[in-house]
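The values are calculated or read from the model by the stated rules, or taken from the named source; none is laboratory data. Remember, predicted model here, so these are calculated numbers, not experimental data. Quick reminder, even Gly has a Cβ in these numbers, built from the backbone with ideal geometry, and neighbours come from all protein chains shown. Heads up: the accessible areas ignore ligands, DNA and RNA and are worked out on the full protein's heavy atoms, side chains in. Shrake-Rupley method; radii C 1.70, N 1.55, O 1.52, S 1.80 Å.
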Amino acid sequence: PADAAVPTLLKKPRWVKLLDPLMNFLSLSPGYNEADVSIPVLIFLTIFFGILIADVAYGALFLAISLAVLLTKGRSNPAVRLPAGLFLLFSLSGLFWGFLTGNYGGYEWHGLPYLSEGPEKDNHLKLVCFAIGVLHLSVGHLMRIFRVRTFRNTIAQIGWIMVLVGNFMVVCFLLSLIPGPLPKWVVWNYAIALVLLFAGEIELHDISTL
């Protein structure tokens, strides 16, 4: 039929296929003219999962469960192998962040000093999380630059990235994650971003773009 979805052939690296069970469960797949976001989603979802767990004991427990499933059911059942492999990756991320933050089953021990020692350790972790979030969102705008290679689209996406950086600085200032007053360059950053967005996205003859 004329309104049928156009099938899309995706060629992914083998390791990215770990995300397929989750994408299929959520019924998420790129359209015919859309970019496949599997790689950045897998990378950042793994990072965020590790941040949420951030405990060596829980990470080790999840790792043991994942390995047990992979070595038993996963050997003969491909439908089990991929989800177990994805959970194994998540478990390693939880272990990694547990070591960084010095969390061992709810007890604090040695970790990366920046994230595990001193009264500012929680603020440091927030700062890292916000920075990863800005990077995550910026990747989406960078992908749009490569998808639509026009001058106007490029400067518009750069403008959006600058807005993200400005918002990051404002949030960090409001939450006292950075010392001192808000840097003056943040105002100039917003001003330049507004100019780029106005030049790249806003059509003066189409009020709907305002």
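Numbers for the structure displayed
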item	result
The chain: most fluctuating residue of Val134, Val163, Val171 per GNM, C-alpha cutoff 10 Å	Val171
Options (1) 168; (2) 229; (3) 184 - which one matches volume of the Cα convex hull per residue in Å³ as calculated here	(1)
Which of Ser76, Ser116 is most accessible, then next, and so on - probe 1.4 Å	Ser76, Ser116
Given Lys126/Lys184; Lys17/Lys121; Lys12/Lys73; Lys11/Lys73, the pairs whose alpha carbons are separated by over 32 Å	Lys17/Lys121
Cα gyration tensor, the range 38-145 - rounded (a/c under 1.5), prolate or oblate	oblate
Karplus-derived 3J(HN,Hα), 6.51/-1.76/1.60, for each residue of the range 146-153, Hz, glycine and proline x	6, 6, 10, 8, 10, 4, 5, 5
Full-stretch length increase - Ala199, Ala57 - with 0.36 nm per residue and alpha-carbon distance subtracted	45.9 nm
Computed label-point distance, nm, for sites Ser176 and Ala35 using a 7 Å Cα→Cβ extension	3.9 nm
Estimated inter-spin distance, Tyr114 and Arg147, nm [label 7 Å along Cα→Cβ]	3.2 nm
